[in-house]
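The values are calculated or read from the model by the stated rules, or taken from the named source; none is laboratory data. Every value quoted in this text rests on a predicted model; they were computed, and no experiment measured them. Note that each Cβ is placed from the backbone with ideal geometry, even for glycine, and that neighbours are counted across all protein chains shown.
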Amino acid sequence: MNTVFLLAPRRPAVMLAALALLAALLPAPVQAHRINIFAWLEGDSVMVECGFNRSSPVRSGLITVFDDANGKELLQGHTDDKGHFSFPVPPAARAGHGLRIQIAAGEGHRNEWIMDASEFSGADAPAASPMEKAEGAGSARDTAAPSAPAQTQAGRPATADDVRAIVNAALDAKLGPIRRDLAAQVNAGPGLRDIIGGIGWILGLAGMGLYFRGRRG
Amino acid sequence: MHIAEGILSPVVLGAGAALAAAGTAIGLRKLDYDRLMTVGILSAAFFVGSLIHVPVGFSSAHLILNGLVGVLLGWAAFPAILTALLLQAVLFQFGGFTVLGVNAFTMGFSSVLAWYCYRGIIGIWPGPTGIRAAAFCGGALGVALAAALTALALAFTSEGFQTAAQLLLWAHLPVMLAEGLITMFTVVFIQRVRPEMFQAARA
């Protein structure tokens, strides 16, 4: 069995070992030189986070928000020292249009994030038919939790809007960590698999070139 | 120094693609096919090099290694860099498909110029010290020229040539130093271990 390995040419083995070593050393300093952007809805404002990677935020990068439906520019602003930017949900988004949020940091860096119109359906907006919603909410409350009737400070039963605000606040608090995780995932640099795959592609292409050259010559 | 998609105008994109195609054609014509594996390995080095970051105060600049690729490959640097950039665009989302031509030309042409500079210095200053100086200059000049060419490509955007060139050159000063040293040590090492690699680089 071992003779197979002994017979194999020595130089490729050395080369592979060197590449493996290189790849093993790499993950520590791996950072994408791509600009990352991540946006989410929090209450009635849109939060944007931009970074070159997790540890280096984009400072005073230019954020431009477009209406995704008709390409109209809605607003502009700069990120703060932590790479954050937030703006109130624009009327266009309430009207059922998506948003295209673009970050430009100079030197040819640019990226964008699209927020679909459906993301804004939960935003605090005047409901189309408050009466119907209130009725629905009321009956749901009656059946689900008859022993704990939700009361506002004024003593009257909570309206649908109150319930929606409470639920939204609770969801924002609970979903915060998940959003941060998601942002970190979006902002993560290329993985080891991509790196090794790319090296494999390059060596494979060179090998194919040699093969066809050898058959012709 | 990867320019992202959606920044450059179609004219600049088209010009970059045409120039990159011409450079790649010359590179493939001049390529000695016995050295194809060397080209592949250097292409892989360029591919990985952009993941290694040099801390630069406020910004983040990564190694480019185009000077090294140029010094060792000459015109064959073009196909090597084009391949590596294509894979970076596919796997890392650095740059992009439409800007591939512009990026390949800025990196590839600066490599070729670095190679001419390296050859020129060796011509007037033979000997081990001259080779060292030439390799350092080739490595550092490759980065500087890449910055200048990238700024030239950005000259037609709102950023303007001067701002872009200043930003890029300042951000890449440490990278120039690092790459000059890397190229110097690599060239000295290869010349000691496998001198035949340089004989083949004449074309």
Inset, instruction - Could you pull out the residue among A:Gln102, A:Gln76 that is in a strand (DSSP E or B), over 24 Å from B:Phe92 (Cα atoms) and polar (S, T, N, Q)? - result: A:Gln76
Inset, instruction - Return yes or no: is A:Ala137 farther than 30 Å from B:Asn103 by Cβ, in a helix (DSSP H, G or I) and at pLDDT 75 or above? - result: no
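Per-residue answers, yes or no, for (1) without any contact (Cβ under 8 Å) to a residue 24 or more places away in the chain; (2) under 30 Å from A:Arg59 (Cα atoms); (3) within 13 Å of the chain's Cα centre (by Cα):
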residue: B:Glu5; (1), (2), (3): no, yes, no
residue: B:Leu36; (1), (2), (3): yes, no, no
residue: B:Ser43; (1), (2), (3): no, no, yes
residue: B:Ile64; (1), (2), (3): no, yes, yes
residue: B:Thr83; (1), (2), (3): no, no, yes
residue: B:Val90; (1), (2), (3): yes, yes, no
residue: B:Val99; (1), (2), (3): no, yes, no
Inset, instruction - Only one of these is at pLDDT 85 or above and either within 9 Å of chain A (Cβ to nearest Cβ) or outside any strand (DSSP E or B) (or both): B:Met37, B:Met1. Name it. - result: B:Met37
Inset, instruction - Taking B:Ala25 as the residue in question, decide whether it is surrounded by fewer than 20 Cβ atoms within 10 Å (Cβ to Cβ), without any contact (Cβ under 8 Å) to a residue 40 or more places away in the chain and of a type in the set (A, V, I, L, M). - result: yes
Legend entry - Single unsatisfied condition, B:Leu65 versus (1) at the interface with another protein chain (Cβ under 9 Å from one of its Cβ atoms); (2) within 21 Å of B:Ile122 (Cβ to Cβ); (3) of a type outside the set (Gly, Ala, Ser): (1)
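Table: residues versus (1) in contact with a helix residue (DSSP H, G or I) (Cβ under 6 Å, 6 or more places away or on another chain); (2) more than 29 Å from A:Ile35 (Cβ to Cβ); (3) more than 9 Å from chain B (Cβ to nearest Cβ); (4) not in a helix (DSSP H, G or I).
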| site | (1), (2), (3), (4) |
| --- | --- |
| A:Ala165 | no, yes, yes, no |
| A:Asn168 | no, yes, yes, no |
| A:Gly176 | no, no, yes, no |
| A:Asp181 | no, no, yes, no |
| A:Ile199 | yes, no, no, no |
| A:Leu203 | yes, yes, no, no |
| A:Gly209 | yes, yes, no, no |
| A:Arg213 | yes, yes, no, no |
Legend entry - Flag for A:Asp81 being part of a helix (DSSP H, G or I), modelled with pLDDT of 80 or more and either surrounded by 14 or more Cβ atoms within 10 Å (Cβ to Cβ) or within 14 Å of chain B (Cβ to nearest Cβ) (or both): no
Legend entry - region B:6-24: number of residues that are assigned to a helix (DSSP H, G or I) and more than 16 Å from B:Thr106 (Cα to Cα): 1
Inset, instruction - Would you confirm whether any residue within region B:148-155 is more than 14 Å from chain A (Cβ to nearest Cβ) and either among the acidic types (Asp, Glu) or buried (at least 22 other Cβ atoms within 10 Å of the Cβ) (or both)? - result: no
Inset, instruction - Could you please give the count of residues in region B:162-203 that are modelled with pLDDT of 75 or more and either under 30 Å from B:Ser9 (Cα atoms) or polar (S, T, N, Q) (or both)? - result: 17
